[in-house]
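Comments concern the structure below.
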Amino acid sequence: MSKVSARFIISAAKPDEFPAEGSPEIAVVGRSNVGKSSLINALVGTAIARTSRTPGRTRLINWFEILHKYPFQLVDLPGYGYAEVNKATRDSWRPLIESYLATRKSLAGVLLLVDIRRGIQDEELDFVPWLEQKQTPFVVALTKSDKLPKNKRMLEVSKVKKDLGLRRDPLPVSAQDNDGIDAVWRAVLGLAEAKSG
Ligand SMILES: Nc1nc2c(ncn2[C@@H]2O[C@H](COP(=O)(O)OP(=O)(O)O)[C@@H](O)[C@H]2O)c(=O)[nH]1
Ligand SMILES: [Mg+2]
């Protein structure tokens, strides 16, 4: 896939720092360390989002503008539910994530990431019905697919599809070797264009 024109817009640590609502936003959501920032970088073909080996580092929401036929924004949310971050810190992030997802009118959809080796946990089981109830379109991608041999990936795809009660297969993807990036990009464009269109 060719490089996409993208630029960092702003970070917010609290709701009153959110930028004015504009073009459609696709929120990238998932546990800390699942590969949100790496996937954003792989999708746009440039290292615009900061990645980290140390889980639980990002406490901010970051907006990236994508210049496309239908301009839209990718929004890198802080990771939820990381066990090694103490409970007080985790609880302090929750309102930020929830207020963004619950109130943002320009939210066009959610790209929900699940580590292909870990499968779904309570947070995803809670989150998917919440999105469905709000009628927020979402796509599920299984990250770090390079860490599983090809013959094991489809088993995880079926398992996550069944566990979350999805109609479509989740998309296995690797930000490391770019496998599956095109399919995730098309799914993201689909969410953005549905809102623009
Ligand atoms: N093998 C592999 N490692 C990945 C992949 N995506 C992310 N990582 C690694 O996982 C760690 C966390 O990635 P990051 O994008 O910062 O996760 P975030 O906390 O969800 O934003 C980093 O060490 C990345 O290099 C991938 O597709 N394959
Ligand atoms: Mg990150």
Inset, instruction - Note down all Cβ pairs under 9 Å where the first residue falls in segment 145-157 and is without any contact (Cβ under 8 Å) to a residue 40 or more places away in the chain and more than 16 Å from residue 120 (Cβ to Cβ), the second is among the small types (Gly, Ala, Ser) and surrounded by 13 or more Cβ atoms within 10 Å (Cβ to Cβ), and they're at least six residues apart or on different chains. - result: 146/174; 146/175; 147/174
Legend entry - For residue 160: the one exception among (1) within 17 Å of the chain's Cα centre (by Cα); (2) assigned to a helix (DSSP H, G or I); (3) within 15 Å of ligand 1 (Cβ to nearest atom); (4) crowded, with 18+ Cβ neighbours inside 10 Å: (3)
Legend entry - Residue that is farthest from ligand 2 (Cβ to nearest atom), among those in segment 59-75 that are surrounded by 21 or more Cβ atoms within 10 Å (Cβ to Cβ) and modelled with pLDDT under 95: 61
Inset, instruction - Output the residue which, of all residues in segment 88-146 that are at pLDDT below 95 and on the phi > 0 side of the Ramachandran plot, is nearest to ligand 1 (Cβ to nearest atom). - result: 119
Inset, instruction - Check residue 117 against each of (1) assigned to a loop (DSSP other than H, G, I, E, B); (2) under 16 Å from the mean Cα position of the chain (by Cα) and name the one condition it does not meet. - result: (2)
Inset, instruction - Could you tell me whether segment 174-183 includes any residue that is part of a helix (DSSP H, G or I) and not acidic (Asp, Glu)? - result: yes
Inset, instruction - Note down all Cβ pairs under 8 Å where the first residue falls in segment 49-71 and is closer than 13 Å to residue 32 by Cβ and within 9 Å of ligand 1 (Cβ to nearest atom), the second is hydrophobic (A, V, I, L, M, F, W, C) and at pLDDT below 80, and they're at least six residues apart or on different chains. - result: 55/85; 56/85
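The values are calculated or read from the model by the stated rules, or taken from the named source; none is laboratory data. Note that the structure is predicted; figures quoted are calculated from it, not measured. Backbone-built Cβ (ideal geometry, glycine too); neighbour counts: all protein chains shown.
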